[in-house]
1. Just how far, in whole angstrom, is the stretch 384-414 from the stretch 131-181 if you go by their alpha carbon centroids?
2. Between V344 and R67, what is the label-to-label distance in nm when each label sits 7 Å out along the Cα-to-Cβ direction?
3. First compute the accessible area of the chain with a 1.4 Å probe, then give the percent of it belonging to carbon and sulfur atoms.
4. Binned at 5 Å from 0, what are the whole-percent values of the Cα-Cα distance distribution for the stretch 195-288, short to long?
5. Counting heavy atoms of the protein chains only and a 1.4 Å probe, report the per residue accessible area for the chain as a whole number of Å².
6. With both partners inside the chain, how many of the DSSP beta bridges are antiparallel, as a percent to the nearest 5?
7. So, counting K/R as plus one and D/E as minus one, what does the shell of residues with Cβ under 11 Å around A150 add up to?
8. Going by Cα centres, the stretch 77-107 and the stretch 257-320 are how many Å apart?
Amino acid sequence: MTVVRVAPVDLLRGTVQVPPDKSLTHRALMLAGVSDRAVRIENPLDSADTAATLGAVEACGAVAEGRLGEAVVVTGRGLRGLRPPPAIDCANAGTLMRLFTGLLVGQRCDRVVLDGDESLRGRPMTRIAKPLRAMGATVATAPGGTPPLAVSGGLPLRGIEHRLEVASAQVKSCVLLAGLFADGTTWVAEPAPSRDHTERMLEAAGVPLLREGGAVGVAGPVASIDLPDVEVPGDFSSAAALLVAGALLGDPEVRLERVNLNPGRTGLLAVMRRMGAEIAEEPAEPVAGEPCGTLVVRRAGALRGTEVAPEEVPAMVDELPLVALLGAMASGTTAVRGAAELRVKESDRITAVVGALRALGADARELEDGFEVTGTGRLAGGAVDSLGDHRLAMLGAVAGLVSEGGVAVGGFDAVAVSYPRFARDLAALGGVPA
Ligand code: S3P
């Protein structure tokens, strides 16, 4: 296990081009794999998660040339032309498993097994299996509703109206993708809007979507899709770790360029501003049909605790661990509620975040559906373990920078799942991992 010691620093300054968006890279690779013509994907994220998706798309017969991190040209097999192998390894990537299953149910295949690492094997898949079965697909899970999945595709599918109990872009996307193959319209409604990258990319690929009262629908069956070339902007969720570091230590400022500012992703900005953070947004041209811009952040005078309401959670679901750290460095109480979903991410992020912050000297408590942190404005430091979860590894590192004694982050290499350059980018800002 790699242990990285992150020492406290006085300040951070400089400019970082954050890595390309993970969500968009997954989607671009998958949709290119079922497009009719070759699609050039510029700036696709090179990470463990997206390498797994590229591997899956290639294993199904699409041809890819080039390199993740630079550009990849994918020559797809058409909407119904994938030839899946008997087994697909989804590694740590929930987005791959959930979205790709939505495409596989439309392909001619028999018992394709999708599996992943230990963390993915603990994640709930009934939430996709159930609606897909209601559409007429054959999707088996392990007992308990977890991976591995066994998917047989090519059966006739019918449109359904699916109401999600918990907002989830992965589940919404899976059902919409399956809807491409179904007779009739497939509708998905969510309790609060989750990121809409799949919708934007499908529309760019020539698939008209329907919208009614907050629900989104696709009228099937769709004959083919034509994804135009895609350029991938920076990932807000990766930027978020540096943004929080900048709000605590930026002097004079930390600039994060070309970041995807899709409002379904940027909920953290409002919460940070409420806490007293100073963040400027400099809008840039949209990239891949997504709003983009530069974020400029500087050390805030004094942060105050805040309450994150359940309806705010979907637009910041991956950033909630960072809110806990901000809460520890703020005055008063910071509480997050309506976020039970965190228990079924790459780790149980409620137990893990509270455990990590307490180990570093913070006053934090678990709630069933979130957490509560009483800020003291300081963090002693100590040791934390990522539990193999990339977001926890980054949380530990940022905590180290603002701590008094530094933080030893066990399992730091988990950052490779979404942000392999994280240590280098931190170092470039002056936060040198020792
Ligand atoms: C993702 C959606 C989110 C997020 C995940 C990536 C996506 O999950 O946590 O890291 O790319 O669609 P849910 O919206 O399904 O909760």
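1. 35 Å
2. Each label point is offset 7 Å from its Cα along the Cβ direction, giving 3.9 nm.
3. Accessible surface attributable to carbon and sulfur in the chain totals 51 percent.
4. Binned Cα distances yield the sequence 3, 11, 18, 19, 14, 12, 10, 7, 5, 2, 1.
5. 35 Å²
6. So the antiparallel bridges in the chain amount to around 70 percent.
7. Taking every Cβ under 11 Å from that of A150, the sum is -1.
8. 32 Å
The values are calculated or read from the model by the stated rules, or taken from the named source; none is laboratory data. Model, not experiment: these values are computed from the prediction. Because the Cβ atoms are built from the backbone with ideal geometry, glycine has one as well, and the counts that use them run over all protein chains shown. The accessibility values were calculated without ligands, DNA or RNA, using every heavy atom of the protein model including side chains. Shrake-Rupley method; radii C 1.70, N 1.55, O 1.52, S 1.80 Å.
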